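**Student:** The structure that follows is given in the form of structure tokens.
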Amino acid sequence: MTTMNHELSNYELISMRSLLLILSILGATACMPKVTASLTEPDERGYIVQLGDKVPNIEMTFTNGETTTLKDLRGKVVVLQFTASWCGVCRKEMPHIEKEIWQPNKDKDLIIIGVDRDEPLEKALLLAEQTGITYPMALDPGAEIFAKFASKKSGVTRNVVIDRKGRIAFLTRLFDPVEFKAMKDKIEEIL
């Protein structure tokens, strides 16, 4: 075996030091906890939040007049089901949420809240009656709750699944059977 005696040029030394610095930075950041932040611009589905984001402490008033906050619900799996009486896709999805998610899990640490976007109490109550849902409905005057998760310019028919620690675990848009099943699977996983 032949050994070559090779002196490194200044350029090679600088390149090696730069490489070592980059590797040490990458190594350090790989050990750091993941920090997520809300999007500044809506994504392609209108969301301004991402998976893993911590949800804000929102106060909601139910159609029966009671109130709650997301902080009060910490320790439970929460699904915010954004809806409106004028939304045909919402009306199609809501009975599936009732039958496939709410009824089988309502006695577990799960709460589903239909969040009625910017409509009066009477319309929210009528929507719940017409769709046959029994999970609680909350009012969202001015779509202020909606705006914490998605651009006000984007449509309803979306679900935000929040884990027991208050982080976003799943996001849906419209009523796609494949995505709906994935949401059900995620809820079962984190329950």
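Only the coordinates and a few stated rules stand behind these numbers; no lab work does. The model shown is predicted, which means the values in this text are computed figures rather than measured ones. So basically every Cβ, Gly included, is an ideal-geometry build from the backbone, and we count neighbours across all protein chains shown.
**Student:** Can you list the trypsin sites (Lys or Arg not before Pro) in segment 127-159 that are in a DSSP coil and have 14 or fewer other beta carbons within 10 angstrom?
**Tutor:** Counting only loop positions with at most 14 other Cβ atoms within 10 Å, the trypsin sites (Lys or Arg not before Pro) in segment 127-159 are K152, K153.
**Student:** How would M183, M94 line up from fewest to most surrounding beta-carbon atoms within 10 angstrom?
**Tutor:** Going from least to most buried by this count: M183, M94.
**Student:** Which value results when the Cα radius of gyration for segment 126-191 is divided by 2.2 N^0.38 Å?
**Tutor:** 1.22
**Student:** Write down the Å³ per residue value for the convex hull defined by the alpha carbon atoms of segment 59-190.
**Tutor:** 97
**Student:** Expressed as a rounded percentage, what relative contact order does segment 59-190 have, with Cα pairs under 8 Å and six or more residues apart?
**Tutor:** 31
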